[in-house]
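Input: a single structure, listed below in structure tokens.
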Amino acid sequence: MTEESRELSHALFAQERAYIKEHLGDESWIKVYDYSQNRQDNKIFYSGLISNEFVTEALQNTNWEVDISSGFPGCVRFGDGTVEYSRFGIADAEPLVFIRDYVGFRESHAEISEEFRFFHNLYHDSRKNEFLKFDESGEEETIIRFQNETILIRLREIRQFLAIREAHLGLFFDYVRYSNLDISNVPKDQQRGEYKDEDTIYQFGVSKAFSHSNYSTVSYLQGKKLIFPYPKSKSGFWPYSEDETEIYEEFQLGETPDGDPITFTCNWKKLANYFGANPDAPHYLTPVYFKRDVLQKYYNDPERFSVEDSYLRCGVSWGVRMDNNHENVVIVYLGDLGRDLPAKERAYWKVFNIPPKGSLSTTKYMRDFLGIPFDPQGRDLKFKQRYQQLNQKWKAKYGWYLFRELSSEDFHFFQNLRVPLNNSQSEFDLQILTLAKVFIDALNENEIEKNISSIPDPPRGIAKFSVFLEEKNFVDCQEGLALLRDIQCIRSTGVAHLKGSNYSKLVKKLQLSEKELQRVFCDLLDRSATFLEKLSSDIDRQSTV
């Protein structure tokens with residue numbers, strides 16, 4: 001291509017026209033607003049909702065049904081002189097993007113239609129300047145992006161909205177370009193033209209530039225292209241969405257004598273129950289077993305998930321009952337898997353499904369089948385229960401909490417304290433750090449210091465706590481205080497710093513090398529829960545004296 005032909009192609013928007021015809025409106029992200037200009041090029045993209053009844057008329061001309069300055073509430077005067085209030089100041093169309101302008105007293109900015117945002121229940125992430133949607137598993141998806149002077153919206157959500165809204169989206173574009181192309185080099189039949197098909201109409205032209213311009217010619221390309229809605233049945237919104245077959249995984253319930261897995265669907269509607277349904281099927285309350293590693297995903301994301309005593313929660317989206325009172329397995333009833341977990345989560349859990357191993361915990365059995373309140377048996381759950389119970393008793397007796405309330409930034413330490421999911425050093429180190437945070441660092445050192453007669457040397461938290469317990473007549477606490485020092489020592493010599501000779505001495509003292517790390521941490525949790533119970537009992541004893 002010669003330089004002259006390239007300049008002609010550039011002036012006549014050949015590349016832009018090809019993009020409009022072949023790609024505009026078909027990308028996964030739709031440019032609903034864009035404004036840019038320089039000395040040679042001006043470009044504006046805008047968008048608006050056009051009612052289905054007005055589509056045919058809209059494609060008869062290149063005019064924009066809405067422009068950047070219109071679409072705000074106001075009055076409309078009709079040809080017969082009557083005046084009516086209009087929400088958008090125009091008929092049969094409305095903006096998807098509103099450009100708020102404050103006549104120079106404040107910086108102008110763009111806003112997306114409130115109706116669109118509310119329809120998809122979008123959350124504004126002000127840090128990234130994006131709008132997010134959350135699925136039933138609590139996972140976020142970006143739906144709207146603000147990028148400098150450009151706004152992009154995901155096509156799927158646009159077409160869903162259009163389906164229910166009974167409208168099309170008009171993508172309006174206006175290009176102006178200056179060039180040094182001599183107008184005499186532009187064939188007469190290319191100096192002006194129009195294009196139209198089933199969803200697009202635009203006009204273009206080139207002429208001599210204004211006399212005050214430094215360029216020879218000025219070109220324009222102006223028009224619109226429509227995005228069609230989904231059929232309502234494909235919108236995914238009630239009550240128009242098609243009845244899609246939900247996927248229910250099959251889980252292993254046992255093994256045949258030959259070692260083959262026995263599986264059955266978790267579709268709770270196909271299971272037996274106490275009311276006579278599906279008598280030949282497994283019962284709704286059939287236990288299904290999983291590796292405890294299944295909980296790793298949820299522990300790792302405490303902002304979305306909460307692993308609680310016998311319950312897993314995803315915000316307010318969903319929750320499922322479970323038996324997490326075991327060291328190596330998690331148990332969930334077959335029917336609860338199908339009824340309470342989203343399909344995406346069921347597929348995730350299936351990866352960790354194992355043959356039955358043991359039985360329901362006493363806690364689960366007593367609560368579910370006998371209706372008797374029962375304390376948790378899981379070491380981590382037992383520790384957390386006694387930790388919270390002691391803190392409440394301590395506040396009632398002394399007027400302040402023994403363990404300071406954790407900030408929102410630190411509460412995840414308490415949530416994530418657990419029996420290690422495996423025997424890896426990294427998992428052990430993480431849980432040691434977590435236990436030290438909630439059990440030692442959280443000691444209310446300021447209040448303890450206010451309530452003792454002398455400050456120990458060196459003035460460390462555990463030493464101050466020891467003085468407090470002695471002066472307040474707590475008895476036989478030396479073993480518990482030694483435990484705190486052991487935890488602190490493991491954290492200091494083996495987690496907070498590189499492991500060295502001091503850690504080696506500690507390994508020998510606590511016999512860390514002779515036990516699985518998971519067992520070592522379980523022992524620490526047992527000792528910790530015992531110490532908490534001891535302190536709680538002493539408060540009860542002192543209160544009755």
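The values are calculated or read from the model by the stated rules, or taken from the named source; none is laboratory data. Values in this document were obtained by computation on a predicted structure and should not be read as measured data. A quick note on method: Cβ atoms are made from the backbone with ideal geometry, for glycine too, and the neighbour counts reach across all protein chains shown.
Numbers below:
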{"read-out": "Residue match in region 190-201 (condition: closer than 25 Å to E4 by Cβ, of a type outside the set (D, E, K, R), touching a helix residue (DSSP H, G or I) at 6+ places or on another chain (Cβ under 8 Å) and surrounded by 15 or more Cβ atoms within 10 Å (Cβ to Cβ))", "value": "yes"}
{"read-out": "Of residues in region 399-446 being aliphatic (A, V, I, L, M) and in a helix (DSSP H, G or I), the one nearest to K464 (Cα to Cα)", "value": "I440"}
{"read-out": "Count of residues meeting criterion [over 18 Å from S126 (Cα atoms) and hydrophobic (A, V, I, L, M, F, W, C)] in region 143-162", "value": "4"}
{"read-out": "Search result, residues across region 55-101 that are in a loop (DSSP other than H, G, I, E, B) and aromatic (F, W, Y)", "value": "W64, F72, F78, F88"}
{"read-out": "Residues within region 20-39 that are loosely packed, with under 13 Cβ neighbours inside 10 Å and either more than 29 Å from the chain's Cα centre (by Cα) or within 16 Å of T150 (Cα to Cα) (or both), tallied", "value": "8"}
{"read-out": "Complete set of residues in region 378-403 that are surrounded by fewer than 17 Cβ atoms within 10 Å (Cβ to Cβ) and free of Cβ contacts under 8 Å to residues at least 60 places away in the same chain", "value": "Q388, Q392, K395, A396, Y398, G399, W400, Y401"}
{"read-out": "Only one of R106, R117 that is free of Cβ contacts under 8 Å to residues at least 60 places away in the same chain, on the phi < 0 side of the Ramachandran plot and in a helix (DSSP H, G or I)", "value": "R117"}
{"read-out": "The lone exception for Q425 - which of (1) buried (at least 16 other Cβ atoms within 10 Å of the Cβ); (2) within 39 Å of the chain's Cα centre (by Cα) it fails", "value": "(1)"}
{"read-out": "Qualifying positions in region 516-536 - in a helix (DSSP H, G or I), over 13 Å from K397 (Cα atoms) and not aliphatic (A, V, I, L, M)", "value": "Q518, R519, F521, C522, D523, D526, R527, S528, T530, F531, E533, K534"}
{"read-out": "Top-ranked residue in region 272-305 [being among the aromatic types (F, W, Y) and in a loop (DSSP other than H, G, I, E, B); ranked as surrounded by the most Cβ atoms within 10 Å (Cβ to Cβ)]", "value": "Y284"}
{"read-out": "Residues being within 25 Å of L152 (Cα to Cα) and surrounded by 11 or more Cβ atoms within 10 Å (Cβ to Cβ) - total across region 90-107", "value": "11"}
{"read-out": "Total residues in region 209-231, condition modelled with pLDDT of 90 or more and either surrounded by fewer than 16 Cβ atoms within 10 Å (Cβ to Cβ) or assigned to a loop (DSSP other than H, G, I, E, B) (or both)", "value": "4"}
{"read-out": "Selection status of E157, at pLDDT 90 or above, part of a strand (DSSP E or B) and out of contact with any Cys (no Cβ under 8 Å at 6 or more places or on another chain)", "value": "no"}
{"read-out": "Among (1) of a type outside the set (K, R); (2) modelled with pLDDT of 95 or more; (3) in contact with a strand residue (DSSP E or B) (Cβ under 9 Å, 6 or more places away or on another chain), the one test that S317 misses", "value": "(2)"}
{"read-out": "First in region 468-489 and over 17 Å from L402 (Cβ atoms), second anywhere and in a loop (DSSP other than H, G, I, E, B), Cβ under 6 Å, 6 or more apart", "value": "none"}
{"read-out": "Selection from region 455-494 of residues that are under 14 Å from L535 (Cα atoms), buried (at least 16 other Cβ atoms within 10 Å of the Cβ) and of a type in the set (V, I, T)", "value": "none"}
{"read-out": "Test for V55: is it out of contact with any Asp or Glu (no Cβ under 6 Å at 6 or more places or on another chain) and closer than 16 Å to T200 by Cα", "value": "yes"}
{"read-out": "Qualifying residues in region 336-356 (those that are in contact with a Ser or Thr (Cβ under 8 Å, 6 or more places away or on another chain) and in a helix (DSSP H, G or I)) - the one modelled with the lowest pLDDT", "value": "K344"}
{"read-out": "Those residues of region 446-462 which are among the aliphatic types (A, V, I, L, M) and under 18 Å from R404 (Cβ atoms), in sequence order", "value": "I448, I452, I462"}
{"read-out": "Some residue of region 348-361 being of a type outside the set (S, T, N, Q), under 25 Å from the mean Cα position of the chain (by Cα) and surrounded by 19 or more Cβ atoms within 10 Å (Cβ to Cβ)", "value": "yes"}
{"read-out": "Residue ID - modelled with the lowest pLDDT, chosen from residues in region 180-205 that are part of a strand (DSSP E or B) and among the basic types (K, R)", "value": "R192"}
{"read-out": "Residue check for F204: farther than 19 Å from V55 by Cβ and assigned by TED's automatic domain parsing to the domain that holds I68", "value": "yes"}
{"read-out": "Of all residues in region 469-496 being among the aliphatic types (A, V, I, L, M) and assigned to a loop (DSSP other than H, G, I, E, B), the one that is modelled with the lowest pLDDT", "value": "A496"}
